[in-house]
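Laboratory data are not the source of any read-out in this text; all were calculated from the coordinates shown. Nothing here was measured: the structure is a model prediction, and the numbers come from that model. Neighbour counts are summed over all protein chains in view; Cβ atoms, including those assigned to glycine, are modelled from backbone coordinates with ideal geometry.
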Amino acid sequence: MQESSQNRLREEAGKLLSAAAVEVVVGYGDGHGGDGVRPLFARTPDEAAGLVWNDACVHNLATYLSREPCRQILLRGGKVGIVAKGCDARALVVLLQEGQIARESVHVIGMVCDGVLDPGAAVSGGTAGSSGAVLPKCRQCEVQTPPLYDTLVGDPAGAAAAEGDPLEDVKDLQSMSLEERWSFWTGHLARCIKCYACRQACPMCYCATCITEKSEPQWIDKPSHLKGALAYHLIRAMHLAGRCVSCGECGRACPMDIPVDKISRYLAGQVEEAFDYKAGMDPEATPAFRTYREDDPEDFIR
Amino acid sequence: MVSKSDLSSVIARAVSAGYEVYAPGKRNGKVYLEKADDGASPELDHVITVNGVKDILLPRCEPLADFNLTDVSIESIDAPAAGRVLLATRPCDAASLVILDAILLDPARDTRYARMREETVVVTVACSRADAACFCTSMGYGPHDETGSDVILLPAGDSYLVRPLTEKGKAFIGEVGLEADAGGEPDSPPQLTRTVRTEGLKAWLDENFESEKWRDVSINCIGCGACYYLCPTCHCFDITDEAGVARGRRYRIWDCCSFADFTKMAGHQPRVGRHARYRQRIMHKFKYTVDNVNLTACVGDGRCIRHCPVGVDIGEILESLPEGGAARRGGPEPGSREG
């Protein structure tokens, strides 16, 4: 099924490029030496033949829309094609809602996805996903079929159904006391080297200048001591509340093995609980922080 | 000879001899070089730690001085003087120190690094295996290379042959009760699967500061600092103050050319665009350092390849740059936003 999806993907991307309907298709290609998978920018029909679709396609490519060359193409009114799994398409929905992309300037090739493999095993030199286990987020996936697409590749009826609670793995945080949570996070964040891989991998972190880069005044302590790391991760958490689509890319990108994604996913759970809103599920919905209701809960304000 | 299982008692003896010991330790299946307590037993079966030895000798966040604006006083904070031992580092990490020495000790002397370095014993455990990212042999080193080590432990079955290489190393093995092995046959070094061809690279870099290839090779890069901060030879830093109304502290912190505010000065950003920043990374390692100290600032440890979240592969890029002269295609125009 993956192979037929891959053929279909190549065909669709090739058609878009030959018809000059898009200037580039951002998708996945083979890693160096055929090892694993990495992002591929296909600009010609020939290059589209190098696109791959398999269970190592873990990256959320939506982060590239705010970067060169996509950003420049979009700014001058050009069109970009992008390959998106369900979780990636949720990010595209938020980017649309927030006015970062125009609907007509992006051609979304949505992929019906059964889950991608946990690339953790690649670190010791194996191929991506050689552990054979799907990422935890995939076991609880609610968007095997992307919530937004122009072309759908794969059979929605054939997708495996979600099991369990998408926020299952942040439940352990909920059950901790305040002190336990503090020690959990300070223990992790003390190791943060401030490489900002979490921010850069995040499709929602598209600010032209991150507040961490503002030096007049210096709002956020630059050093990677605990105070500086906490300041950065807390402000990122606040910026992502109600916007995080739980793609988990921040956690995957972290070289220090800090479960960064748990922070924003925890907040996603809080927003869902308080406002019954999940970011990126419905392009027609109004985001939680853009609505006001008389009966909005406020008991979380303490 | 020292048996593998006895390395934990070497840690214990080094700790009781007053050394701060740093050794590989496992966390969530990944291995990091970290401070080892008395009683710790080092990881030995990994390929290489996630972090490099610069983590210890050129720390990511170093307080330099406290200042007080009320009485206009400055109190400098010295680098820690205690002797430390980097136990069970890999040969590429030890070699990275020789490169850092060449850059940081002469002619301008980084006194903090110098002090830390003088007080540090490097005890290397030669490699028993390599992974697909390792390319040390292409950079002139190897799985059993001695560059930069004070002592090298060469695997021989379940034990290591102990080879002190410097006076510091001889003194250290004496202190922890290890005996030098003059003879003995170590296991043969692992065969690397990766070769990175660098013929013509320097000549190409000399001529191609402006090339469309820079956009091509950096297109996947998302502009984070993971490869820079894990790299054992990247050494750029920033100085930053944390100031309250009356008092403050000055720090030296890691910085890197991947970031938009790197070397940004009043009214001028010298590297606009990700390609310009990635170019700086390659130029610094494979041209500027060669021009300045006649060393390539890369030891082939492969961390940047292993840990890049988007599969950027420096070996592939180094090989592709001099190939075929011009770029494969024209790149996009430069834009205002970069990150």
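Some observations on this one:
- Average Cα contact separation per residue, region A:2-158, under 8 Å, 6 or more apart, as relative contact order %: 22 percent
- Local electrostatic count at A:D150 - Lys and Arg +1, Asp and Glu -1, tallied over other residues with Cβ under 11 Å: 0
- Formal net charge of residues neighbouring B:S41 (Cβ-Cβ distance under 15 Å; K, R +1; D, E -1): -2
- Only Lys, Arg (+1) and Asp, Glu (-1) charged, at Cβ; the protein assembly as shown dipole about Cα centre in debye: 1200 debye
- Computed FRET value (nearest 0.05) for B:E212 with A:A19, which takes r as the C-beta separation and R₀ as 22 Å: 0.30
- R0 of 41 Å, Cβ-Cβ distance A:E3-A:E104: FRET efficiency to nearest 0.05: 0.80
- Straight-line reach from A:K222: taking Cα to Cα under 29 Å and skipping same-chain neighbours fewer than 8 places apart, the lysines in range are A:K194, A:K214, A:K262, B:K26, B:K30, B:K35, B:K54, B:K264, B:K285.
- Cβ charges +1 (Lys, Arg) and -1 (Asp, Glu), total dipole of chain B, debye: 960 debye
- Table column - 3J(HN,Hα) (Hz), region B:107-119, Karplus curve with 6.51, -1.76, 1.60, x for Gly and Pro: x, 7, 9, 7, 5, 5, 4, 4, 5, 4, 5, 4, 8
- Per-selection Kirkwood Rh - chain A (Cα, Å, 1 d.p.): 20.2 Å
- Annotation: amide H of A:L40 within the under-5 Å range of A:G27, A:Y28, A:G29, sequence separation 5 or more or interchain, hydrogens built in the peptide plane.
- Spin-label proximity, B:N292 to region B:249-270 - amide N less than 15 Å from point 7 Å beyond Cα toward beta carbon: B:255-257, B:263
- Tail beyond 50 Å, pair distance distribution of the protein assembly as shown (Cα, percent): 12 percent
- Paramagnetic label zone (point 7 Å from Cα along Cα-to-C-beta, B:A180; backbone N under 17 Å) in region B:1-27: B:1-2
- Computed E for B:I74/A:E180 - FRET, C-beta separation, R0 45 angstrom, nearest 0.05: 0.65
- Using the rule -39500 (n - 2.57) for each DSSP H run of four or more residues, divided by the residues of chain A, the 222 nm mean residue ellipticity is -9500 deg cm²/dmol.
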